[in-house]
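Student: Below is a structure I'd like to ask you about.
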């Protein structure tokens, strides 16, 4: 068996880990890097999620109320670990952001022939990203540039990708609309062929639906926000290896965010379309200047449950 055949076999054996939406090994870019994004089923095109917007819609970085830094750890299924660290620095109407996003797993056995293992190897993916965003009145524009690297068995490949977006505040900032084009770029060949990037067009809205004050001693203000996103994959030549076998269709994500006094946040989301993770849940606790986030994403196929933890510091 050629070494490249091992790569194909590995991809077929672990689609649940790395090929949830497109079949691309670089599909880790379709996995929200932070607990805040995962908790709302990644309906993040028009929703501020802190520095992690660098991977969804960089235009949102200019709308953030302050500069911030974030670290996040996600325990994905099949013992895949995702680590994310980023900062967003706002100055006047401009935001500058930098992020590192890594996904990997190890302990895979390599075999050239039937029988005993020839040793273990790991699979890893890395994105190093920089972004700039500019606010102009109710509008903001942003662009992200990424350096990408993938490592499978003894093979290595580098590449690049760009993401651009625009957002708008409407109706006295009670509605935010966003549009982005994500992950346009190219990769070097990984042995005999290059990995297809999970590029897509995304549109979303964020609507402050209901705002009221709870009765009681503290009169806690509560804001309920409705979030919706539409995603259209662009990589027409990508190989679909997901369990549903229908991964190239577009889909819609909807979510509800409940903000209790800028102190406690509850989120839930639902993805409609070809996905094995339709539901998501999240919890956030803000003790200014620190916010702690947690997300839980169960897989409908029974392959496990995702847990994500993040800490954001505002300055």
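Student: Report, ordered by the first and then the second residue, all pairs with beta carbons closer than 8 Å, sequence separation of six or more or different chains, a first member in the range 211-223 that is under 14 Å from residue 262 (Cβ atoms), and a second member that is modelled with pLDDT under 85 and not in a strand (DSSP E or B).
Tutor: 213/219; 220/214; 221/214; 222/214
Student: Follow-up question, since we're still on this one. Give 156, 149, 174 a once-over and let me know the one that is more than 20 Å from the chain's Cα centre (by Cα), at negative phi and modelled with pLDDT of 95 or more.
Tutor: 174
Student: OK, next. Which residues, counting only those in the range 255-312, are in contact (Cβ under 8 Å) with a residue 40 or more places away in the chain, within 14 Å of residue 224 (Cα to Cα) and buried (at least 18 other Cβ atoms within 10 Å of the Cβ)?
Tutor: 255, 257, 267, 269
Yes/no matrix, rows are residues, columns are (1) without any contact (Cβ under 8 Å) to a residue 60 or more places away in the chain; (2) outside any strand (DSSP E or B); (3) crowded, with 16+ Cβ neighbours inside 10 Å:
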| site | (1), (2), (3) |
| --- | --- |
| 163 | no, no, yes |
| 167 | no, no, yes |
| 173 | yes, yes, no |
| 176 | no, no, yes |
| 180 | no, no, yes |
| 184 | yes, no, no |
| 198 | no, yes, yes |
| 201 | yes, no, no |
| 204 | no, no, yes |
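Student: Identify all residues within the range 73-95 that are touching a helix residue (DSSP H, G or I) at 6+ places or on another chain (Cβ under 8 Å) and more than 17 Å from residue 305 (Cα to Cα); write none if there are none.
Tutor: 84, 86, 88, 90, 93, 94, 95, listed by residue number.
Student: Please specify each residue of the range 1-51 satisfying the condition of being modelled with pLDDT of 50 or more, more than 20 Å from residue 104 (Cα to Cα) and surrounded by fewer than 24 Cβ atoms within 10 Å (Cβ to Cβ).
Tutor: 48
Student: Within the range 186-195, how many residues are crowded, with 16+ Cβ neighbours inside 10 Å and part of a strand (DSSP E or B)?
Tutor: So the answer is 2.
Student: Let me ask you something else. Could you count how many residues in the range 256-289 are out of contact with any helix residue (DSSP H, G or I) (no Cβ under 8 Å at 6 or more places or on another chain) and part of a strand (DSSP E or B)?
Tutor: Residues meeting the conditions: 15.
The values are calculated or read from the model by the stated rules, or taken from the named source; none is laboratory data. All values reported here derive from a predicted model rather than from experimental measurement. Don't worry about glycine lacking a Cβ; one is built from the backbone with ideal geometry, like all the others, and counts go over all protein chains shown.
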